[in-house]
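Participant: Got a structure for you, written out below as structure tokens; questions coming shortly.
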Amino acid sequence: MLTSVAGVWTRRISIGTADGLSALGFALIAMGRSSEGAVYVAVNAAATAYFTYHWWNGRNGGDGPRRRLRERIRRFTATRRTAAVTS
């Protein structure tokens, strides 16, 4: 999470990338603190959900990964690839 804050502060990564890194960091912390108690896990899981939501939806009105995935899916065209028929 400190990496994402430093990256945004120095303008080397975007806010969306920082949200993804923060979500990953909070998820790892939640897994690491799972033996310490439910409160730690709940707080870190909530932070993971918050940053994952903002990473997926994008903070700038739709320029998140969901839109990029939709654009790639639109460009995909299925091609039938079967063996040649010989008689």
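Readers should treat all values here as calculations from the given coordinates under stated rules, not as data from a laboratory. The structure displayed is predicted, hence computed values, not measured ones. Cβ sites come from the backbone with ideal geometry, for glycine too, and all protein chains shown count toward neighbours.
Participant: Using the charge dipole of the chain (Lys, Arg: +1 at Cβ; Asp, Glu: -1 at Cβ; taken about the Cα centre), state which of W56, T77, S34 has its Cα farthest towards the positive end.
Facilitator: Going by the Cα projections, it comes out as T77.
Participant: For the chain, what is the mean residue ellipticity at 222 nm derived from helices alone (per DSSP H run of n ≥ 4: -39500 (n - 2.57); sum divided by total residues; nearest 500 deg cm²/dmol)?
Facilitator: Details: 4 runs with 57 residues, N = 87.
When only DSSP H runs of four or more count, the value is -21000 deg cm²/dmol.
Participant: Highest GNM mean-square fluctuation, the chain, Cα pairs closer than 10 Å: which of T52, T17, T77?
Facilitator: T77
Participant: State, as an integer percentage, the relative contact order of the chain based on alpha-carbon contacts under 8 Å between residues 6 or more apart.
Facilitator: 22
Participant: Same structure, new question: Quick check for me: using +1 on Lys/Arg Cβ and -1 on Asp/Glu Cβ, what's the dipole size of the chain about its Cα centre, in debye to the nearest 20?
Facilitator: Once rounded to the nearest 20, the dipole reads 660 debye.
Participant: If you don't mind, there's one more thing I want to ask. Put +1 on the Cβ of every Lys and Arg and -1 on every Asp and Glu Cβ in the chain; which of T17, V43, M1 then has its Cα farthest towards the positive end of the dipole?
Facilitator: T17
Participant: Taking the chain as a Gaussian network, Cα atoms linked when under 10 Å apart, which of R12, R59, R74 shows the biggest mean-square fluctuation?
Facilitator: R74
Participant: Rounded, prolate or oblate: which one fits region 26-87, using the alpha carbon gyration tensor with axes a ≥ b ≥ c (rounded when a/c is under 1.5, else prolate when a/b beats b/c, else oblate)? Working shown, then result.
Facilitator: Details: a/c = 7.88, a/b = 2.11, b/c = 3.74.
In terms of gyration-tensor shape, oblate.
Participant: Under 10 Å, Cα contacts only: if you run a Gaussian network model on the chain, which one of A49, A27, A38 comes out with the highest mean-square fluctuation?
Facilitator: A38
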